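The values are calculated or read from the model by the stated rules, or taken from the named source; none is laboratory data. Note that this is a predicted model, so its numbers are computed, not measured. Note that we place each Cβ from the backbone using ideal geometry, even for glycine, and neighbour counts take in every protein chain shown. We work out accessible area using only protein heavy atoms, side chains counted, and drop any ligands, DNA or RNA first. Shrake-Rupley method; radii C 1.70, N 1.55, O 1.52, S 1.80 Å.
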Amino acid sequence: VDRTEVIRSCVNPTYSKVFTLDFYFEEVQRLRFELYDINSSHNGLKEADFLGSVECTLGQIISQRKLSKALVRPGGTVGKVIIT
């Protein structure tokens with residue numbers, strides 16, 4: 001859908017960008033959140049390190065109001081990092 005702002009040199013970033021999505025009760029709307037470590041002076045993902053992802057549905061977020069899931073690292077291993 002979109003990207004958040006880039007937050008540099010922060011172990012526990014808090015993002016301020018808001019995403020507005022239409023919710024359709026009768027549909028399963030899958031979401032995937034990807035986390036990258038950007039080390040270069042620009043915001044491009046070509047040189048960024050992919051740290052992992054979290055998948056859920058929009059319905060899970062709406063029903064739980066505060067959803068926390070573990071980051072799945074490349075290769076399918078579950079890390080200690082939690083995305084809320």
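Brief remarks follow.
- Scanning region 61-77 for residues that are in a strand (DSSP E or B) and open to solvent by 100 Å² or more (accessible area, probe 1.4 Å) turns up nothing.
- Among the residues of region 62-84, those identified as in contact (Cβ under 8 Å) with a residue 12 or more places away in the chain and polar (S, T, N, Q) are 68, 84.
- Pairs, first over 17 Å from residue 58 (Cα atoms) and modelled with pLDDT under 90 in region 1-24, second part of a loop (DSSP other than H, G, I, E, B) and open to solvent by 100 Å² or more (accessible area, probe 1.4 Å), C-beta under 9 Å, six or more apart: 7/14
- Residue within region 18-41 that is outside any strand (DSSP E or B), touching a strand residue (DSSP E or B) at 6+ places or on another chain (Cβ under 9 Å) and open to solvent by 100 Å² or more (accessible area, probe 1.4 Å) present: yes
- Subset of region 48-60 that is surrounded by 14 or more Cβ atoms within 10 Å (Cβ to Cβ) and within 14 Å of the chain's Cα centre (by Cα) - its residue that is modelled with the lowest pLDDT: 51
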